[in-house]
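Enquirer: Got a structure for you, questions after.
The values are calculated or read from the model by the stated rules, or taken from the named source; none is laboratory data. Because the structure is a prediction, the values reported are computed rather than measured. Cβ: placed from backbone, ideal geometry, glycine included. Neighbour counts: every protein chain shown.
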Amino acid sequence: MDGRSSKYDIVIGLEIHAQLQTASKIYSADAAQYGGAPNTHVGVITLAHPGALPKLNRKAAEFAIKMGLACTSEISRYQVFDRKNYFYPDLPKGYQLTQDRTPICKGGFIVLSTNTSEQNIPLNRIHIEEDAGKSIHLENEPDTLVDFNRAGVPLIEIVTEPAIHSSEDAANVVTEVRRLVRYLDICDGNMEEGSLRCDANVSLKLKGAKELGKKVEIKNMNSMRHVQRAIDFEVQRQLDILERGESVVSETRTYDATTGQTYGMRTKEELNDYRYFPDPDLSPLVVSDEWLNAIKASMPALPRELREKFISNYKIPAYDANVLTQSKELAHYFDETCTYTTNYKAVSNWLMGPVKSYLNENGIEANQLSIKPATLASVIKLVEGGTVSFAAASQKLFPQLIANPHADPTHLAQQLNLVQESNPDALLPVVEQILNEFPLKVEEYKKGRTAILTMFMGEAMKRTKGKADPKLANELFLKKLS
């Protein structure tokens, strides 16, 4: 962006598609799992054979309602399904079953939390629909291959209002949506496999203008970085067009991650081009009080609730709470560990430090960690009591416990010779010997160069092979030097 951008407001709306983790497809009993040999998860309904009638997957509707409740949306109690008509090779029926006039969830918002503030991004709707198949374009081949395995897989589309004003906020909205669907266990959020996909509508308008500019839709971005880079490029492209005195064409564009640029695909269709009309084969969906209350009762604790709990109950900083609630598994691991110790900040430090590093290096979640919360709490108590230093615990004891998760941390620390020397009578001779061997350094310390104490401590650690209790050694040095 350059200085010319100060004349304009950036206006962004997102359409985020999340594949729901149901066993079967949304309108048929065909398998909905990712993968499989091409065209093996198909049947007469998926392939739109004449006379084959769809039937709504109740679990898909339940998952959509859960997302709506998580976003404080209004749940529509009476819904009809609509045919969205357009030709596409991987859409077997020639139309998509979706919700136009009666989305399952209306309004609501996505909360973006920072360490100091919260911002509510308003939603227009959340509706359920079916996914299309997959077109495969092989290099140097004249024909396009079509795999219908994905056709009919249930989706929810989360549509924001055009109320986002930076690419960073847009990427953060997608991040928060992915976090929510994972907490709810309704979607795995895997953007690489296409379980979560994002389209962005981007436009520029002069500051203060009421009317929005011509919007351009960028299709199917599959990472937070791509969302941000694509929007940044598109804003700059539109800015250049407007500053030349030309008009932005309302169109659909694709993003090329290798070049970092967007490219035109087709001019933007208007809503009436889809010729929506109610599907005559699907009965209306009625959400009863009993069903809605049962779904509400099954809702898990969500990131915002857990953040508030961690800050309020465990007195940890907001930054820590935000990091710990990035994944449901890490949040639950922290919560359980805190039932075995009251040193909550130490638990937070361990999870954000050694534990998170190990999880990231091995590509696993906290619930897959071999060390159980009770064992980690025992390690924290060893460090807290001065039995083992944090460095020794994190660098030596922790890796050994991963390999031997059922071992007793205290016994293992003894076997590894990690127990700190906390006996003043044993440490004092070491301190005295160091001071006697470095008289010039002692004189410098007494003249005000107090940083030399670090050198003395290093010597003590070296001579005790890291077993000296740092706090005790520091106290003995200060006492002798005074």
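Enquirer: For the subset of the range 304-333 comprising residues that are touching a Phe, Trp or Tyr at 6+ places or on another chain (Cβ under 6 Å) and closer than 23 Å to residue 120 by Cβ, which member is surrounded by the most Cβ atoms within 10 Å (Cβ to Cβ)?
Expert: Step one: of the range 304-333, the residues touching a Phe, Trp or Tyr at 6+ places or on another chain (Cβ under 6 Å) are 314, 316, 321, 324, 328.
Restricting the remaining residues to those that are closer than 23 Å to residue 120 by Cβ gives 321, 324, 328.
Values: 321: 23, 324: 26, 328: 22.
Among those residues, the one meeting the criterion is 324.
Enquirer: Right, another one. When you go through 16, 12, 26 one by one, which is the residue that is more than 21 Å from the chain's Cα centre (by Cα), of a type in the set (A, V, I, L, M) and in the same structural domain as residue 194 (by TED's automatic domain parsing)?
Expert: On the way: 16 fails: more than 21 Å from the chain's Cα centre (by Cα); 12 fails: more than 21 Å from the chain's Cα centre (by Cα).
Just one listed residue meets the conditions, 26.
Enquirer: Those residues that are at negative phi and surrounded by fewer than 17 Cβ atoms within 10 Å (Cβ to Cβ), I need them from the range 60-89; list them, please.
Expert: Quick first cut of the range 60-89, residues at negative phi only: 60-71, 73-89.
Result: 74, 77, 78, 80, 85, 86, 87, 88, 89.
Enquirer: So which residues in the range 434-482 are within 48 Å of the chain's Cα centre (by Cα), among the basic types (Lys, Arg) and assigned to a helix (DSSP H, G or I), if there are any at all?
Expert: 462, 463, 471
Enquirer: Evaluate the following for residue 127: is it free of Cβ contacts under 8 Å to residues at least 24 places away in the same chain and either in contact with a strand residue (DSSP E or B) (Cβ under 6 Å, 6 or more places away or on another chain) or polar (S, T, N, Q) (or both)?
Expert: Working: free of Cβ contacts under 8 Å to residues at least 24 places away in the same chain: no; either in contact with a strand residue (DSSP E or B) (Cβ under 6 Å, 6 or more places away or on another chain) or polar (S, T, N, Q) (or both): yes.
Judged against the criteria, residue 127 is not a match.
Enquirer: A further question on this structure: Across the range 180-201, what is the total count of residues that are assigned to a helix (DSSP H, G or I) and modelled with pLDDT under 95?
Expert: Quick first cut of the range 180-201, residues assigned to a helix (DSSP H, G or I) only: 180-184.
Still in the running and modelled with pLDDT under 95: none.
Summing the residues that are assigned to a helix (DSSP H, G or I) and modelled with pLDDT under 95 in the range 180-201 gives 0.
Enquirer: Still on this structure, I have one more. Looking at 405, 399, which is the one that is closer than 24 Å to residue 344 by Cα and not in a helix (DSSP H, G or I)?
Expert: Values: 399 fails: not in a helix (DSSP H, G or I).
Exactly one of 405, 399 is closer than 24 Å to residue 344 by Cα and not in a helix (DSSP H, G or I), namely 405.
Enquirer: Would you mention how many residues in the range 304-333 are within 17 Å of the chain's Cα centre (by Cα), under 15 Å from residue 112 (Cα atoms) and assigned to a helix (DSSP H, G or I)?
Expert: 8
Results for (1) within 30 Å of the chain's Cα centre (by Cα); (2) assigned by TED's automatic domain parsing to the domain that holds residue 18; (3) assigned to a helix (DSSP H, G or I), shown as yes or no for each residue.
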site	(1), (2), (3)
210	no, yes, no
213	no, yes, no
219	yes, yes, no
230	yes, yes, yes
235	yes, yes, yes
252	yes, yes, no
255	yes, yes, no
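Enquirer: Oh, and also: Out of 327, 312, which single residue is of a type in the set (S, T, N, Q) and without any contact (Cβ under 8 Å) to a residue 40 or more places away in the chain?
Expert: On the way: 327 fails: without any contact (Cβ under 8 Å) to a residue 40 or more places away in the chain.
Residue meeting the stated conditions: 312.
Enquirer: Which of the residues spanning the range 334-363 are among the aromatic types (Phe, Trp, Tyr) and either within 14 Å of residue 320 (Cα to Cα) or modelled with pLDDT under 95 (or both)? Talk me through it step by step, then tell me what you get.
Expert: Of the range 334-363, the ones among the aromatic types (Phe, Trp, Tyr) are 334, 340, 344, 350, 358.
Residues satisfying the conditions are 334, 344, 350.
Enquirer: Only residues that are touching a Leu at 6+ places or on another chain (Cβ under 9 Å) and assigned to a helix (DSSP H, G or I): list them for the range 384-394, please.
Expert: Step one: of the range 384-394, the residues touching a Leu at 6+ places or on another chain (Cβ under 9 Å) are 386-389, 392-393.
Residues satisfying the conditions are 392, 393.
Enquirer: Within the range 347-370, restricting attention to residues that are in a loop (DSSP other than H, G, I, E, B) and of a type outside the set (A, V, I, L, M), which residue is surrounded by the most Cβ atoms within 10 Å (Cβ to Cβ)? Break it down into steps so the answer makes sense when it comes.
Expert: Of all residues in the range 347-370, those in a loop (DSSP other than H, G, I, E, B) come to 363-365, 369-370.
So of that shortlist, the ones also of a type outside the set (A, V, I, L, M) come out as 363, 365, 370.
Working: 363: 7, 365: 14, 370: 12.
Once the filter is applied, the top-ranked residue is 365.
Enquirer: Also, I was wondering about something else. If you scan the range 29-53, which residues turn out to be small (Gly, Ala, Ser), under 31 Å from the mean Cα position of the chain (by Cα) and in a loop (DSSP other than H, G, I, E, B)?
Expert: Filtering the range 29-53 down to residues small (Gly, Ala, Ser) leaves 29, 31-32, 35-37, 43, 48, 51-52.
Subsequent filtering for residues that are under 31 Å from the mean Cα position of the chain (by Cα) retains 29, 31-32, 35-37.
Scanning the range 29-53 gives 29, 32, 35, 36, 37.
Enquirer: Pairs please, first residue from the range 457-472 and in contact (Cβ under 8 Å) with a residue 40 or more places away in the chain, second anywhere and surrounded by fewer than 16 Cβ atoms within 10 Å (Cβ to Cβ) and in a loop (DSSP other than H, G, I, E, B), Cβ atoms under 7 Å, 6+ apart in sequence or on different chains.
Expert: 469/386; 471/386
Enquirer: Find the residue count for the range 334-363, including only residues that are out of contact with any Pro (no Cβ under 7 Å at 6 or more places or on another chain), under 18 Å from residue 307 (Cβ atoms) and of a type in the set (Val, Ile, Thr). Even if it seems obvious, please write down each step before you answer.
Expert: Residues of the range 334-363 that are out of contact with any Pro (no Cβ under 7 Å at 6 or more places or on another chain), as a first pass: 334-335, 338-339, 341-363.
After this cut, where a residue has to be under 18 Å from residue 307 (Cβ atoms) as well, the list is 334-335, 338, 344-345, 347-349, 351-352, 356.
Pick out the ones that are also of a type in the set (Val, Ile, Thr) and you get 347.
Residues meeting the conditions: 1.
Enquirer: Please name all residue pairs, on different chains or six or more residues apart, with Cβ atoms under 6 Å, provided the first residue is in the range 278-291 and is touching a residue at least 40 places away in the same chain (Cβ under 8 Å) and the second residue is part of a strand (DSSP E or B) and aromatic (Phe, Trp, Tyr).
Expert: Cβ pairs passing all conditions: 286/78.
Enquirer: For residue 115, only one of the following conditions fails: (1) in contact (Cβ under 8 Å) with a residue 60 or more places away in the chain; (2) assigned to a strand (DSSP E or B); (3) surrounded by fewer than 16 Cβ atoms within 10 Å (Cβ to Cβ). What is its number?
Expert: Here residue 115 meets the rest and fails (2).
Enquirer: Related question: Would you point out which residue out of 130, 192 is in contact with a Leu (Cβ under 7 Å, 6 or more places away or on another chain), within 20 Å of residue 221 (Cα to Cα) and assigned by TED's automatic domain parsing to the domain that holds residue 217? It would help to see each step written out before you state the result.
Expert: Values: 192 fails: in contact with a Leu (Cβ under 7 Å, 6 or more places away or on another chain).
Just one listed residue meets the conditions, 130.
Enquirer: Still on this structure, I have one more. Among residues belonging to the range 199-222 that are buried (at least 16 other Cβ atoms within 10 Å of the Cβ) and out of contact with any helix residue (DSSP H, G or I) (no Cβ under 9 Å at 6 or more places or on another chain), point out the one that is nearest to residue 179 (Cα to Cα). Step through it out loud before you land on a result.
Expert: Start the filter on the range 199-222 by keeping residues that are buried (at least 16 other Cβ atoms within 10 Å of the Cβ), which leaves 199-205, 213-219, 221-222.
Next cut, out of contact with any helix residue (DSSP H, G or I) (no Cβ under 9 Å at 6 or more places or on another chain) only: 199, 201, 205, 215, 217, 219, 222.
Working: 199: 18, 201: 22, 205: 32, 215: 28, 217: 24, 219: 21, 222: 15 Å.
It comes out as 222.
Enquirer: Just give me the residues in the range 131-174 being in a loop (DSSP other than H, G, I, E, B) and buried (at least 19 other Cβ atoms within 10 Å of the Cβ), in sequence order. Break it down stepwise before answering.
Expert: Just the residues of the range 131-174 that are in a loop (DSSP other than H, G, I, E, B), to begin with: 131-133, 138-143, 148-153, 161-163, 165-166.
Answer for the range 131-174, where residues must be in a loop (DSSP other than H, G, I, E, B) and buried (at least 19 other Cβ atoms within 10 Å of the Cβ): 131, 132, 133, 148, 149, 150, 151, 152, 153.
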